[in-house]
Amino acid sequence: MISDASAPHAATLRPRAPDEPFDPEVHEDRRKQPTPMLSRYSLFGGRRQSRAEGTFVDLYGPGVFAALLAVCALNVFDTFFTLVYLQRGGSEANPIAAAMIRQSPAYFVFWKVLVFGNALAILCLHKNFRRARVGILIGAGIYVLITFYHLFLFFRDDIGFDL
């Protein structure tokens, strides 16, 4: 059985001063638990960055921000071009999106932004997990292909705008 007696120095550990180097024999560990997925630092005043696989962090780098912003922008393009294509006489191939558009275009935009925004937030929180990074890359790739398809339809003579 392990008791506190096995660590005689445990009672003498003290917090570390900001300008003092960390010594595990003298200073107590300020982080007794890993950073949770959601914490008070998730949105403002984060204090921990890491690239270690499978860890949650408080701060997100500019690369993650740029990738998620690009995927978000491609989602906006997809939404815009879908509505333009439908106004020009096209049809929606996705049955769920088609049902939402039949309700109203605003309903479609609202739910697409809400669901997609939540998905991006989850991917952002899990940025140090391989599957999340793969998901971001796959999402970006799919949206790039969809954007090129929309641009092809947009500039077609029989459907697109006259320039």
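For the reader, a short list of remarks on this structure follows.
- When the residues of the stretch 86-137 are filtered to those that are of a type in the set (G, A, S) and over 26 Å from F154 (Cα atoms), the one that is nearest to the chain's Cα centre (by Cα) is A121.
- Index of the failed condition, G45 passing every other in (1) at pLDDT below 85; (2) of a type outside the set (A, V, I, L, M, F, W, C); (3) touching a helix residue (DSSP H, G or I) at 6+ places or on another chain (Cβ under 8 Å): (3)
- Pairs with Cβ under 7 Å, 6+ apart, first in the stretch 90-113 and basic (K, R), second part of a helix (DSSP H, G or I): K112/T79
- R133 meets the conditions (1) over 29 Å from V64 (Cα atoms); (2) free of Cβ contacts under 8 Å to residues at least 40 places away in the same chain in every case but one. The failed one is (1).
- Residue within the stretch 141-152 that is hydrophobic (A, V, I, L, M, F, W, C), within 27 Å of A66 (Cα to Cα) and more than 24 Å from the chain's Cα centre (by Cα) present: yes
The values are calculated or read from the model by the stated rules, or taken from the named source; none is laboratory data. Model, not experiment: these values are computed from the prediction. Glycine gets a Cβ as well: all are built from the backbone with ideal geometry, and neighbour counts include every protein chain shown.
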